[in-house]
Amino acid sequence: MTDSRRILVLGSGFAGLWAALGSARRLDQLDASDVVDVTVISKKPFHDIRVRNYEADLTSCRIPLGDLLDPVGVDHIAGDVTSIDTTARTVTTSDNSEHGYDRLIMALGSQVAKPNLPGVRKYTFDVDTYDGAIELQRHLARLSDSDGDAGVATAVVVGAGLTGIETASELTGALARAFADRAVTPRVILVDHNPHVGSDMGDSARPVIEDALNDNGIEAMTGVGVSSVGERSVTLSTGQELAASTVVWCAGMRANPLTTQIGHEHDRLGRLPVDDYLRVAGVPDVFAAGDVAAARMDDEHLSVMSCQHGRPMGRYAGYNVVGDLLGQPILPLRIPWYVTVLDLGAAGAVYTEGWDRHVVSRGAEAKATKININTQRIYPPLNRNREALLAAAAPSLQDRPE
């Protein structure tokens, strides 16, 4: 394929994977697979089901990329992207290799934004990545052998957004299991600078969340920030010190910083503005999808950093990048519905519809929907079947979850 044109997809998360599969599908439709080479560049040869990192069992959350890309003829390069030159149309990786492209899909995702406060980066855990989640689980497993100081069974979760609430709700069970044979009472504290937990969830869902946290025995400390973290302590902005052997940082997400090397416009989250076709504004030959892109879902709302938007954005970006390269039709993306399904641990879940988060179901009923989403709906076909993988990458929208 030395004379082939090349599409590079940066990232193998929800947007990156589906962009690669979407590109392969469109090339197959156009009978052009032999004239365009699609290559994914990502740090590790896996597709991680990142949104499940808060869960206790991660055994099915890491999928070998070869099982997904090889059957459809997409290549993979394992490496960290270190620089992007949109003028020269090249991407450089950590081994100093340079990779040229004719079209680029930026899908490197987002990362938790840990502030430069004393001890935060040294002593806090997170569930931002699979490796980070595994590190947290190993830490929790070791706790039962720790000295019985005041904070050995206490976990502080910083950030009471969706990730923080789900993580705190799971930690109550994890700590109970870790200390089942010891006379220690586990404690989970959720800390947030906002006046309410789930500040983005609206007035309809907030009482449901607050009731669930109370049922789970989770303490909420709102309207307060963190000023420092020690090996076994957290100091709040009020000066109060909490004894805690586990601190999980879930506050704030930012787009991959390599977005600064593409274009001149970025929103407050570092995302690239894209048009309805996922083309980056003012940057020829570059598309963006997922958490690095700010796309209009309707006339009033931008995409959110979630697999709910990342997956269809990837599919459409993959379809459109091929059309753009080969002079074929491309498709606009708008998503007319929005839902949120928040896992509340032993208290079930809460399911909302619309941007105002109107509660549709809660408890066990919503939990069943959450389990279906986390274990089936967001997964690609796992049978290495080419036809199934290409069919799943169609540029179409799923219906709302049932």
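Before we move on, is ASN372 in a loop (DSSP other than H, G, I, E, B), open to solvent by 30 Å² or more (accessible area, probe 1.4 Å) and polar (S, T, N, Q)? So ASN372 does not fit the description; no. For the range 245-263, the count of residues that are part of a helix (DSSP H, G or I), β-branched (Val, Ile, Thr), open to solvent by 40 Å² or more (accessible area, probe 1.4 Å) and at pLDDT 95 or above is at least one.
Applying the criterion of at least 2 residues that are touching a residue at least 60 places away in the same chain (Cβ under 8 Å) and open to solvent by less than 30 Å² (accessible area, probe 1.4 Å) to the strands (runs of 3 or more DSSP E) found wholly in the range 44-109 leaves 81-85, 103-106. Please find, among ASP291, ASP276, the residue that is open to solvent by 30 Å² or more (accessible area, probe 1.4 Å) and touching a residue at least 24 places away in the same chain (Cβ under 8 Å). Residue meeting the stated conditions: ASP276. Every condition in (1) under 20 Å from the mean Cα position of the chain (by Cα); (2) modelled with pLDDT of 95 or more; (3) of a type outside the set (D, E, K, R) holds for VAL120 except the one numbered (1). Does any residue of the range 220-231 turn out to be modelled with pLDDT under 95 and over 25 Å from the mean Cα position of the chain (by Cα)? Yes, the range 220-231 has at least one match. Is it the case, given these coordinates, that THR185 is open to solvent by less than 20 Å² (accessible area, probe 1.4 Å), under 18 Å from ALA244 (Cβ atoms) and of a type in the set (Ser, Thr, Tyr)? Against the criterion (open to solvent by less than 20 Å² (accessible area, probe 1.4 Å), under 18 Å from ALA244 (Cβ atoms) and of a type in the set (Ser, Thr, Tyr)), THR185 does not qualify.
Filtering LEU325, LEU333 for residues that are in a loop (DSSP other than H, G, I, E, B) and surrounded by 20 or more Cβ atoms within 10 Å (Cβ to Cβ) leaves a single hit, LEU333.
Here GLY270 does not qualify as surrounded by 15 or more Cβ atoms within 10 Å (Cβ to Cβ), part of a loop (DSSP other than H, G, I, E, B) and at pLDDT below 95.
The single condition among (1) in contact with a Pro (Cβ under 8 Å, 6 or more places away or on another chain); (2) among the hydroxyl-bearing types (Ser, Thr, Tyr); (3) crowded, with 18+ Cβ neighbours inside 10 Å that SER228 does not satisfy is (3). Consider the range 383-402 and keep the residues that are open to solvent by 30 Å² or more (accessible area, probe 1.4 Å) and within 18 Å of CYS307 (Cα to Cα). The one that is modelled with the lowest pLDDT is GLU402. The single residue among ALA141, ALA113 that is within 30 Å of ARG268 (Cβ to Cβ) and either crowded, with 19+ Cβ neighbours inside 10 Å or of a type in the set (A, V, I, L, M, F, W, C) (or both) turns out to be ALA113. Scanning the range 129-171 for residues that are over 30 Å from GLY11 (Cβ atoms) and either at pLDDT below 95 or assigned to a loop (DSSP other than H, G, I, E, B) (or both) yields a total of 13.
The values are calculated or read from the model by the stated rules, or taken from the named source; none is laboratory data. Fair warning: this is a prediction, and the values are worked out from it, not measured in the lab. So basically every Cβ, Gly included, is an ideal-geometry build from the backbone, and we count neighbours across all protein chains shown. Just so you know, the surface numbers come from the protein's heavy atoms only, side chains and all, with ligands and any DNA or RNA stripped out. Shrake-Rupley method; radii C 1.70, N 1.55, O 1.52, S 1.80 Å.
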